[in-house]
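What follows is a single structure, written as structure tokens, with notes after it.
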């Protein structure tokens, strides 16, 4: 589920790390976008639309839209398509507009 070769871009993987997603342990590579690690782990739904409650996945992947907003380490509305993964992060599916804790 990962792009490993590209004709122009070069990929440098960081070390493999573990993080928590909705209470489950998941692995990814340090420094990659959180959304990329979730996608590689088979998690395609990142949020749901506020009105129709339809699932949303990767859309822009550059931090412009709001399809990937999640709560990361207690902070709501984090755009996980551009937020870099670190070991031990706690990533949670965000319900609605997010709640500060």
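The values are calculated or read from the model by the stated rules, or taken from the named source; none is laboratory data. None of the values given here were measured: they were computed from a predicted structure. Because the Cβ atoms are built from the backbone with ideal geometry, glycine has one as well, and the counts that use them run over all protein chains shown.
How many of the residues making up region 16-37 are buried (at least 16 other Cβ atoms within 10 Å of the Cβ) and closer than 17 Å to residue 95 by Cβ?
Summing the residues that are buried (at least 16 other Cβ atoms within 10 Å of the Cβ) and closer than 17 Å to residue 95 by Cβ in region 16-37 gives 1.
For region 34-50, give me each residue that is touching a residue at least 24 places away in the same chain (Cβ under 8 Å) and either in contact with a helix residue (DSSP H, G or I) (Cβ under 8 Å, 6 or more places away or on another chain) or in a strand (DSSP E or B) (or both).
Within region 34-50, 46, 47 meet the criteria.
What is the residue count in region 7-33 for residues that are at pLDDT 95 or above, outside any strand (DSSP E or B) and at negative phi?
2
Counting only residues that are surrounded by fewer than 13 Cβ atoms within 10 Å (Cβ to Cβ) and either within 14 Å of residue 36 (Cβ to Cβ) or free of Cβ contacts under 8 Å to residues at least 12 places away in the same chain (or both), how many does region 53-74 have?
Total satisfying the criteria: 5.
Condition first: over 16 Å from the mean Cα position of the chain (by Cα) and over 24 Å from residue 77 (Cβ atoms). Now tell me which residues in region 4-49 satisfy that.
Residues satisfying the conditions are 4, 5, 6, 7, 8, 9, 10, 11, 12, 13, 14, 15.
Take the residues of region 85-95 that are more than 9 Å from the chain's Cα centre (by Cα) and at pLDDT 95 or above: which is surrounded by the fewest Cβ atoms within 10 Å (Cβ to Cβ)?
The extreme case among them is 88.
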